[in-house]
Amino acid sequence: GYIGDGRDEVLSHLGGTEGEGDAPAPLEGSGADQGEQTVHFEVDDPSLSADGMEAIREMCARHLLTFQSANSRLRVDGYASTTGTEDRNQTLSDLRVQNTVQYIRDVLGDDFHIPDSQITAEGHGERAAREAGEADETESEAWRKAEIRLNGEVVLTLH
């Protein structure tokens, strides 16, 4: 589920390293099972958490026939909150989208039949949060997300 050579390269691309504590490690296990809030993307990290990966696996199982159809369309939109710079948030949302699409492909393997021409993956950065009136430097889980649509219908929102 990582674009490039893994989590260290992604964090390096964002200007941080794991050792510096710039981004928390992905969650282990399911927060939902433990009575905690489920987190799919940590703050300042484009990596899917264990809970995010599980949510995608469940979504892929529920919509397997749709993913097997060459007539289907997949759209993934990524967003970021307003903390950090605009450029960094754009990069975060772009990488969240890429990681999400890649993990869907990884989960489905040979069962993924949607042609590249019918896949749209777009990072929106912090633009949508700002347009909604979110104040500068506001960390909001509501905007730290990726939305997955199949044939125009939102089938999963990862926060």
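The values are calculated or read from the model by the stated rules, or taken from the named source; none is laboratory data. In this text the structure is predicted, and so the values were computed from the model without any measurement. Don't worry about glycine lacking a Cβ; one is built from the backbone with ideal geometry, like all the others, and counts go over all protein chains shown. Accessible surface is based on the protein model in full, side chains and every heavy atom, while ligands, DNA and RNA are left aside. Shrake-Rupley method; radii C 1.70, N 1.55, O 1.52, S 1.80 Å.
Candidates in the stretch 56-89 are the residues that are within 13 Å of the chain's Cα centre (by Cα) and modelled with pLDDT of 95 or more; of these, the one that is nearest to residue 127 (Cα to Cα) is 77. Take residue 62 and decide whether it is within 15 Å of residue 157 (Cα to Cα) and open to solvent by 40 Å² or more (accessible area, probe 1.4 Å). Against the criterion (within 15 Å of residue 157 (Cα to Cα) and open to solvent by 40 Å² or more (accessible area, probe 1.4 Å)), residue 62 qualifies. Scan the stretch 107-129 for residues that are in contact with a helix residue (DSSP H, G or I) (Cβ under 9 Å, 6 or more places away or on another chain) and either open to solvent by 20 Å² or more (accessible area, probe 1.4 Å) or of a type in the set (S, T, N, Q) (or both) and report the count. Residues flagged as in contact with a helix residue (DSSP H, G or I) (Cβ under 9 Å, 6 or more places away or on another chain) and either open to solvent by 20 Å² or more (accessible area, probe 1.4 Å) or of a type in the set (S, T, N, Q) (or both) within the stretch 107-129 amount to 9. Filtering the stretch 144-159 to residues that are more than 13 Å from residue 96 (Cβ to Cβ) and either open to solvent by 40 Å² or more (accessible area, probe 1.4 Å) or assigned to a loop (DSSP other than H, G, I, E, B) (or both) leaves 149, 151, 152, 153, 154. Contact map, the stretch 144-156: residues that are among the polar types (S, T, N, Q) paired with residues that are modelled with pLDDT of 95 or more and in a loop (DSSP other than H, G, I, E, B), Cβ distance under 7 Å, separation 6+ or inter-chain. Pairs shown: 151/72; 151/73.
Is it the case that the stretch 30-45 has a residue that's at pLDDT 70 or above and surrounded by fewer than 17 Cβ atoms within 10 Å (Cβ to Cβ)? Yes, there is a match, as at least one residue in the stretch 30-45 is at pLDDT 70 or above and surrounded by fewer than 17 Cβ atoms within 10 Å (Cβ to Cβ). Residue pairs whose Cβ atoms lie under 6 Å apart, sitting 6 or more positions apart in sequence or on different chains, and linking a residue in the stretch 104-133 that is within 17 Å of residue 151 (Cα to Cα) to a partner that is small (Gly, Ala, Ser) and surrounded by 17 or more Cβ atoms within 10 Å (Cβ to Cβ), are 114/72.
One residue stands out in the stretch 41-74 among those that are out of contact with any helix residue (DSSP H, G or I) (no Cβ under 9 Å at 6 or more places or on another chain) and in contact (Cβ under 8 Å) with a residue 60 or more places away in the chain: the one that is nearest to residue 135 (Cα to Cα), namely 43.
Going by what's in this entry, would residue 83 be described as closer than 17 Å to residue 41 by Cβ and part of a loop (DSSP other than H, G, I, E, B)? Explain how you work it out, then say what you get.
Numbers: closer than 17 Å to residue 41 by Cβ: yes; part of a loop (DSSP other than H, G, I, E, B): yes.
Considered against the rule, which asks whether it is closer than 17 Å to residue 41 by Cβ and part of a loop (DSSP other than H, G, I, E, B), residue 83 comes out as yes.
Please verify whether the stretch 129-146 includes one or more residues that are under 20 Å from residue 47 (Cα atoms), modelled with pLDDT of 95 or more and among the basic types (Lys, Arg). No, because not a single residue in the stretch 129-146 is under 20 Å from residue 47 (Cα atoms), modelled with pLDDT of 95 or more and among the basic types (Lys, Arg).
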